[in-house]
Amino acid sequence: MCILFSYMGRLFTILLILAAAGQAFALELPLSADSHVVGENTMLVATYEDTFVKIARAHDLGFDELIQANPDVDPWIPGEGTEIVLPTQFVLPQAPRRGIVINLPELRLYYYPDGDSGRVITHPISIGRMEWRTPLGLTEIYSKAVNPTWYPPQSVRDEHAEQGRPLEAVVPPGPDNPLGKHALRLALPGYLIHGTNMPAGVGMRVTHGCIRMFPEDIEALFDDVPVGTPVRIVNQPFKLGRYGAGFYLEAHPLLDEELQDDEVFIMTELTRAYVAATEEGQGDGFNWAMAERVVLNARGVPEFVSSDSPL
């Protein structure tokens with residue numbers, strides 16, 4: 001088992017090197033039955049031309065992910081020689097490893113093509129803005145469309161008109177279509193997982209409720225995902241899982257900005273994550289004091305929250 005994980009670690013490093021050379025790639029990571037943590041965080045040394053938008057696209061990461069993982073770095077001018085954390089390690093959401101799982105607070109999609117075993121494929125996404133929330137719940141892929149036509153709802157057309165950007169009732173396929181070249185329609189009426197003609201916005205809360213992906217990501221997912229695939233959309237700002245000798249906690253900002261300073265709500269969500277993890281038989285050793293510090297920083301990377309004498 002140790003030899004296998006050592007090999008996978010070297011393979012993952014090779015993939016990151018290829019990406020640094022300008023080849024975008026999907027994060028496809030091996031699953032382990034006894035661990036909820038996949039992947040490895042790595043470092044990139046920025047060049048003079050780098051921005052977080054450029055780095056995110058090359059490494060299949062979201063813009064906000066990079067900002068959270070590198071709070072002291074200027075996302076527009078990181079500076080040549082600056083070390084950038086690539087947040088490519090993840091605590092898996094507490095959800096069945098089946099079909100597609102979308103965790104809204106981390107702006108990320110997980111696809112389990114083989115169920116509980118094998119691998120997980122994960123991509124950054126954009127979701128709905130505060131006033132255009134992406135709904136939670138269990139749905140499925142209802143249909144698939146190449147070069148989709150967009151029929152914007154009247155509310156979206158009204159918003160565009162107020163901004164002086166009138167929008168036609170029908171937007172045909174082409175470079176001006178915000179759905180991009182591929183769309184997966186959900187059984188939730190009006191909601192899709194789709195590409196984009198503005199990839200720089202992937203990894204932010206910028207949509208009218210749909211799930212937006214990099215063009216290359218949705219193309220790969222489109223080819224791989226059959227109609228009827230379950231899609232579970234969850235709200236898990238704090239994800240807790242066991243890895244090796246202890247617990248790792250991955251914390252993200254809450255979707256509701258007005259609750260960011262609500263200590264009772266935050267502790268309720270952290271307790272929920274703890275209960276979900278320990279119900280699966282992951283045992284004791286959780287350190288609440290360490291976990292509270294991780295939640296306060298909300299860097300979006302798994303951090304060790306166990307100790308020899310847990311509080």
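Restricting VAL206, VAL231, VAL227 to residues that are under 26 Å from LEU31 (Cα atoms), in contact (Cβ under 8 Å) with a residue 40 or more places away in the chain and not in a loop (DSSP other than H, G, I, E, B) narrows the list to VAL231. For the residues ALA183, ALA187, the requirement of being surrounded by fewer than 16 Cβ atoms within 10 Å (Cβ to Cβ) and small (Gly, Ala, Ser) singles out ALA187. Suppose we filter segment 238-268 for residues that are closer than 18 Å to ILE127 by Cβ and charged (D, E, K, R); how many remain? Qualifying residue count, segment 238-268: 5.
Counting residues in segment 270-287 that are more than 16 Å from the chain's Cα centre (by Cα), of a type in the set (S, T, N, Q), at pLDDT 90 or above and not in a loop (DSSP other than H, G, I, E, B) gives zero. Residues in segment 73-109 that are charged (D, E, K, R) and more than 11 Å from the chain's Cα centre (by Cα) were compared, and the one that is farthest from ARG272 (Cα to Cα) is GLU80. PHE90 meets all of the listed conditions (1) surrounded by 23 or more Cβ atoms within 10 Å (Cβ to Cβ); (2) within 22 Å of GLY228 (Cβ to Cβ); (3) not hydroxyl-bearing (Ser, Thr, Tyr) but one, namely (2). Regarding THR139, is this residue assigned to a strand (DSSP E or B), polar (S, T, N, Q), at pLDDT 90 or above and in the same structural domain as VAL202 (by TED's automatic domain parsing)? In short, yes. Where strands (runs of 3 or more DSSP E) sit wholly within segment 80-133, those with at least 2 residues that are more than 17 Å from ILE67 (Cα to Cα) occupy 99-103, 108-112, 119-124. Taking segment 35-72 as the range and being more than 16 Å from the chain's Cα centre (by Cα), in contact (Cβ under 8 Å) with a residue 24 or more places away in the chain and in a loop (DSSP other than H, G, I, E, B) as the test, the residues that pass are SER35, ALA46, THR47, TYR48, ASP50, THR51, PRO71.
The values are calculated or read from the model by the stated rules, or taken from the named source; none is laboratory data. As the structure is a computational prediction, the values presented were derived from the model and not from experiment. Please note: Cβ atoms are built from the backbone with ideal geometry, for glycine as well, and neighbour counts cover all protein chains shown.
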